[in-house]
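The values are calculated or read from the model by the stated rules, or taken from the named source; none is laboratory data. Given the structure is predicted, the values throughout are model-derived calculations rather than measurements. Here Cβ is always computed from backbone atoms with ideal geometry, including for glycine, and neighbour counts include all displayed protein chains.
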Amino acid sequence: MSNQPIHRIRIGTSSVAIFENKTDDNKTFYNTQFDRSYRTGDEWKHTRSFGKDDLLVVAKLADQAHSWITEKLQSASQQTQEAA
């Protein structure tokens, strides 16, 4: 994965980062990484662990990430068809 996400979706203290990657033959694919922030005293920390009460938020984040990636792929496909 590249170092920086190209898009991030946040709901409350949970988020999903979307990373764009290219294959050797220049095809694009996407990976995601889920994260939850929490506070210990004055310090903010991050975890990839989610409890029962977080799971519906993770599902919504996954749905929104899927929609964003699908739109991005469709847009790229249309641009390729128009250029041909």
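Below is a table of values for the structure above.
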item	result
Residue list for segment 39-84, filter: among the acidic types (D, E) and either part of a helix (DSSP H, G or I) or under 13 Å from the mean Cα position of the chain (by Cα) (or both)	D53, D54, D63, E71, E82
Pair list, Cβ under 9 Å, 6 or more apart: segment 55-66 residue under 14 Å from R8 (Cβ atoms), other residue small (G, A, S) and modelled with pLDDT under 95	none
Breaking point among (1) within 21 Å of P5 (Cα to Cα); (2) at pLDDT 95 or above, for D54	(1)
